[in-house]
1. Treating the beta-carbon of each Lys and Arg as +1 and of each Asp and Glu as -1, no other charges, what is the dipole magnitude of the chain about its Cα centre, to the nearest 20 debye?
2. Long-range amide H contacts for ALA219: which residues qualify at under 5 Å (H placed 1.01 Å from N, peptide plane, sequence gap of 5 or more or a different chain)?
3. Hey, what number do you get for the chain at 222 nm if only DSSP H runs of n ≥ 4 count, each worth -39500 (n - 2.57), divided across all residues, to the nearest 500?
4. For THR182, tell me the accessible area in Å² from a 1.4 Å probe, rounded to the nearest 10.
5. Which of the peptides 143-154, 227-238, 196-207 is most tightly packed, and how do the rest follow, judged by the mean count of other Cβ atoms within 10 Å per residue?
6. What shape does the chain have by the C-alpha gyration tensor, where a ≥ b ≥ c are the square roots of the eigenvalues, rounded means a/c under 1.5, and otherwise prolate means a/b greater than b/c and oblate the rest?
7. Keeping all protein chains in place, calculate the accessible area per residue for the chain (probe 1.4 angstrom), answer in Å².
8. Name the residue farthest towards the positive end of the dipole of the chain from the options MET1, ALA90, LEU148, assuming +1 on Cβ of Lys and Arg, -1 on Cβ of Asp and Glu, about the Cα centre.
Amino acid sequence: MQFLDVLRARKTTNGPFRPDPVTEEHQRLLMEVAGAAPSQLNSQPWRFVIIEDRQTIETIAAISGESMTKVMAEGTFFERYKPYFRFSEAEMEEKRNGMLFDQLPLLLRPFTKRVFTEQGQAMMNRLRVPQKLGEENRRLVEGSPLLLAVLLDRAEYRPGQLSSFYSLFSMGAAMENVWLTTGEIGMGIQFVSFPMEVPENWERIQRLLHVPDDLELMAVYRLGYLPENAKRPAIDWSSRQRKRPSQYVFRDTCETPESNWDS
Ligand SMILES: Cc1cc2nc3c(=O)[nH]c(=O)nc-3n(C[C@H](O)[C@H](O)[C@H](O)COP(=O)(O)O)c2cc1C
């Protein structure tokens, strides 16, 4: 693929991966491109744990499913992220950001308008939606042939100091290289982020991975090869929409949006 095609095709995989193990050649390539990223003073503050051990993957999957059920049942997830949830094309066209929930079980569709209300939350809990979503999330993570944990060197990543911005930026650059390269080699990638929403569960993963005191666990991803004609999860979203240039590009000062590039 041409570079710009790879870049424009980059996306997050919400669905299942093939069970096939990720080849050692591809594991090495993903870590080579991660290591090729820019970093402040070439400090390379990132560290990675490649996880193929089934027991470890199953444990992280269970923690992820539990975490999703917890934050869904308590309503904290919806409360925290509702500014990004879209339930109509019209709303998405107007905002051009966020997640469009364009795949919902029939049963839930009538509730989309009330999903952020107490009654909506009570109804979802009565229908055991948090448990169903949690179980689907557990299966999705457990079905992944490889998890990738990303850590930062605490000598570089010092929250509250400029170095923490630099380290986070560098980590993001390294992960973008990985994200782009997955597209080039027929793989997909997704954050395993629900454990991050439940601090005690994030600590369980840190213990599971024997994270030493001089490193900070920053994120966990699931990776694998993309199946042909993958079936979308029962509840799924699309997030291909992007802002128009006039919404995020300015000319010379922030007073002058770039208005000639909107298509
Ligand atoms: C910092 C960060 C956190 C993210 N967290 C999640 C997440 O928790 N779950 C998920 O499925 N995707 C997550 N994503 C992926 C975004 O949802 C995705 O990049 C965005 O919706 C655009 O979709 P695309 O990646 O397919 O272009 C995250 C991305 C970033 C950069």
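1. Working: 33 positive and 36 negative charges, 184 e Å.
Approximately 880 debye in magnitude.
2. VAL150
3. Numbers: 10 runs with 113 residues, N = 263.
Here the helix-only value at 222 nm equals -13000 deg cm²/dmol.
4. Looks like 0 Å² after rounding.
5. 143-154, 196-207, 227-238
6. On the way: a/c = 1.43, a/b = 1.09, b/c = 1.31.
Verdict is rounded for the chain.
7. 57 Å²
8. The one lying farthest along the dipole's positive direction is ALA90.
The values are calculated or read from the model by the stated rules, or taken from the named source; none is laboratory data. Keep in mind that this is a model prediction, so the values were computed, not measured. Methodologically, a virtual Cβ is constructed for each residue, glycine included, from the backbone with ideal geometry; neighbour enumeration extends over all protein chains shown. Accessible surface areas use protein heavy atoms only, side chains included; no ligands, DNA or RNA. Shrake-Rupley method; radii C 1.70, N 1.55, O 1.52, S 1.80 Å.
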